[in-house]
Amino acid sequence: MIQIFKQIIPADVCTLLIEEGLTRPQLNAGIGEDNLISEGRSTRVAFIGNETVKQYIQQLVEENYKDYTITEAEDLQFATYNVNDFYGAHRDADKNNKRILSVSVQLSKPSEYEGGDLCLYGIEGAFSPVTNEQGTVIIFPSNLLHKVEPVTKGIRYSLVQWYKGYESSN
């Protein structure tokens, strides 16, 4: 089940998160546990330790995904997508990481960049873009195929997080 919470995080909080993310060392992002550089991804990331935001997102997850048992919340990952940066079609879950839910938070204003759409693979058998309104939180199963289209103008900032655990029957 995909849940979209439009503009739930205030613009001033998004600005603070961008500022916090930019103060951290930005690493070239790779793929997988070993962060291997790949032709499938071009972006820079940093990890931030904002416990208030982390707890807020976890509350959203727990309130809206009662059929899941969360065993771990990974750290918040701040992502910077410059012109031509993208993340090709992928799933966040694999046989090793036990991820069950993925979260993406749109930090940038849509007017600050072009392209860079987060697209989720739907039942129609095609990718569909998700709203890019600032402060929007998107939660979806980690095994869902998704991608970030190349940014064509400006800079896109986002926050992502993953939850580990398993589906339960409550």
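Apply the Karplus curve 6.51 cos²θ - 1.76 cosθ + 1.60, θ = phi - 60°, to the phi angles in segment 105-111 and return the couplings in whole Hz, x for Gly and Pro.
With coefficients 6.51, -1.76 and 1.60, one gets 10, 7, 8, 7, 6, x, 6 Hz.
Give Lys66/Lys98; Lys66/Lys95; Lys6/Lys147; Lys109/Lys153; Lys6/Lys109; Lys54/Lys164 a once-over and call out the pairs whose C-alpha atoms are over 21 Å from each other.
Cα-Cα > 21 Å for Lys66/Lys95; rest within.
Which label marks the calculated value of Rg and Dmax of the Cα atoms in Å, given the options (1) 16.9, 58; (2) 19.7, 69; (3) 15.0, 46?
(3)
If you filter segment 56-145 for trypsin sites (Lys or Arg not before Pro), then keep DSSP loop positions with at most 14 other Cβ within 10 Å, what is left?
Hits after loop and neighbour filter: Lys66, Arg91, Lys95.
Please calculate the 1.4 Å probe accessible area of Glu133, with all protein chains present, and give it to the nearest 10 Å².
For Glu133, solvent-accessible area is about 50 Å².
Just check segment 48-92 against the gyration tensor rule for me: Cα atoms, a ≥ b ≥ c as the square roots of the eigenvalues, rounded for a/c under 1.5, and otherwise prolate or oblate depending on whether a/b exceeds b/c.
Judged from the Cα gyration tensor, segment 48-92 comes out oblate (a/c at least 1.5, b/c at or above a/b).
Identify the GluC sites (Glu not before Pro) of segment 77-124 meeting these criteria: DSSP loop state and at most 12 other C-beta atoms within 10 Å of the C-beta.
Filter output for segment 77-124: Glu124.
The values are calculated or read from the model by the stated rules, or taken from the named source; none is laboratory data. No experiment lies behind these values; they were computed from the predicted model shown. When we count neighbours, we look across all protein chains shown, and the Cβ atoms used for this are built from the backbone with ideal geometry, even at glycine. Ligands, DNA and RNA are stripped out before the accessible areas are found, and what is left, the full protein with its side chains, is counted by its heavy atoms. Shrake-Rupley method; radii C 1.70, N 1.55, O 1.52, S 1.80 Å.
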